[in-house]
Amino acid sequence: MRSDPPGGDPLLPRGGEPADATDPALETVRPGQPTPGRIGRVGPGADEGLADPGDLGRRQRHELWMRRALEVAVTGPATPAGDGAGPGFGSAAGSASPGGSASGVPGPAEGGAETTAVEDVPVGAVVYGPDGTELAIGRNERELTGDPTAHAEVLALRRAAQRLGRWRLDGCTLVVTLEPCTMCAGALALARISTVVFGAWEPKTGAVGSLWDVLRDRRLNHRPEVYAGVLENESAALLRAFFR
């Protein structure tokens with residue numbers, strides 16, 4: 001059973017079951033949500049305006065945050081929080097602990113990486129608090145640490161939870177350069193993240209609209225808002241350059 005989204009565009013032009021079998025009764029599509037089986041999926045709508053004429057609009061804020069995630073993907077896990085994005089949008093609140101960064105990333109004195117010589121896939125993630133404060137960053141560290149769960153999103157979630165002193169990250173936003181996999185999508189739901197913003201789609205392992213749509217499964221007790229394809233070209237270009 002299904003119904004077409006507002007506007008009359010068919011959800012599944014060729015008929016049949018939705019691409020995401022975990023959500024067989026897809027009835028409505030929330031703005032900004034990726035939709036399995038839908039052609040021309042996009043992130044924030046093109047008609048989005050500024051919430052406040054004197055403040056950053058959502059699209060601009062997401063792009064600004066995605067550029068920070070791209071920076072993390074390129075420069076690695078030991079990158080300190082930047083302060084050039086303006087107050088509340090990329091600067092970390094509070095002082096850094098000795099040997100560590102303000103984003104909860106361990107520095108060399110705490111066992112963190114000094115360089116990114118290890119060839120991990122360049123995916124960067126950043127967690128922002130409800131007020132736009134940068135809480136934590138993460139970059140893939142599977143090769144660096146030998147940990148199969150050391151994806152950028154998981155590391156950023158762990159560090160944000162440690163910084164806040166709680167596992168619930170409600171009100172927070174996770175920005176990541178690549179569509180999360182099933183493990184990371186599950187972790188995002190369990191962490192009660194309110195918003196997920198990602199860059200490039202991942203047709204092989206993506207679980208936020210490509211192969212599965214874990215975060216929109218109605219059987220879950222928490223479903224964050226998702227904005228897809230933010231700076232998609234830049235994010236995809238970084239990955240293509242790595243795999244050449």
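The values are calculated or read from the model by the stated rules, or taken from the named source; none is laboratory data. Since the structure is predicted, the reported quantities are computational estimates derived from the model, not experimental observations. Cβ coordinates were reconstructed from backbone atoms using ideal geometry, including for glycine residues, and neighbour counts include every protein chain displayed. Accessible surface areas use protein heavy atoms only, side chains included; no ligands, DNA or RNA. Shrake-Rupley method; radii C 1.70, N 1.55, O 1.52, S 1.80 Å.
Quick check: is even one residue across the stretch 209-219 within 12 Å of Val176 (Cα to Cα) and either of a type outside the set (Val, Ile, Thr) or touching a residue at least 12 places away in the same chain (Cβ under 8 Å) (or both)?
Filtering the stretch 209-219 down to residues within 12 Å of Val176 (Cα to Cα) leaves none.
No; the residues of the stretch 209-219 include none that is within 12 Å of Val176 (Cα to Cα) and either of a type outside the set (Val, Ile, Thr) or touching a residue at least 12 places away in the same chain (Cβ under 8 Å) (or both).
Could you check Ser210 against (1) polar (S, T, N, Q); (2) surrounded by fewer than 23 Cβ atoms within 10 Å (Cβ to Cβ); (3) closer than 15 Å to Trp65 by Cα and say which number it fails? Every condition holds for Ser210 apart from (3).
Considering the conditions (1) more than 14 Å from the chain's Cα centre (by Cα); (2) under 25 Å from Glu63 (Cβ atoms); (3) of a type in the set (D, E, K, R), Arg168 is excluded by exactly one of them, (2).
With respect to (1) farther than 21 Å from Ser235 by Cα; (2) out of contact with any Pro (no Cβ under 9 Å at 6 or more places or on another chain); (3) hydroxyl-bearing (Ser, Thr, Tyr), the lone exception for Ser194 is condition (2).
Every residue, every condition in (1) in contact with a Lys or Arg (Cβ under 8 Å, 6 or more places away or on another chain); (2) under 24 Å from Gly76 (Cβ atoms); (3) in a helix (DSSP H, G or I), yes or no:
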residue: Ile193; (1), (2), (3): no, yes, no
residue: Val196; (1), (2), (3): no, yes, no
residue: Gly206; (1), (2), (3): no, yes, no
residue: Arg218; (1), (2), (3): no, no, no
residue: Asn233; (1), (2), (3): no, yes, yes
residue: Leu238; (1), (2), (3): no, yes, yes
residue: Ala241; (1), (2), (3): no, yes, yes
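Only one entry of Glu179, Glu202 meets the criterion of being charged (D, E, K, R), in contact with a Phe, Trp or Tyr (Cβ under 9 Å, 6 or more places away or on another chain) and under 20 Å from Ala237 (Cα atoms), and that entry is Glu179. On the basis of being open to solvent by 10 Å² or more (accessible area, probe 1.4 Å), more than 18 Å from His62 (Cα to Cα), within 13 Å of the chain's Cα centre (by Cα) and not β-branched (Val, Ile, Thr), does Gly186 make the cut? Considered against the rule, which asks whether it is open to solvent by 10 Å² or more (accessible area, probe 1.4 Å), more than 18 Å from His62 (Cα to Cα), within 13 Å of the chain's Cα centre (by Cα) and not β-branched (Val, Ile, Thr), Gly186 comes out as yes.
Within the option set Arg163, Arg219, Arg139, being more than 24 Å from Glu63 (Cβ to Cβ), of a type in the set (D, E, K, R) and surrounded by 16 or more Cβ atoms within 10 Å (Cβ to Cβ) holds for one residue only, Arg163. On the stretch given as the stretch 169-190, residues that are assigned to a loop (DSSP other than H, G, I, E, B) and either farther than 13 Å from Trp201 by Cα or among the hydroxyl-bearing types (Ser, Thr, Tyr) (or both) total 4.
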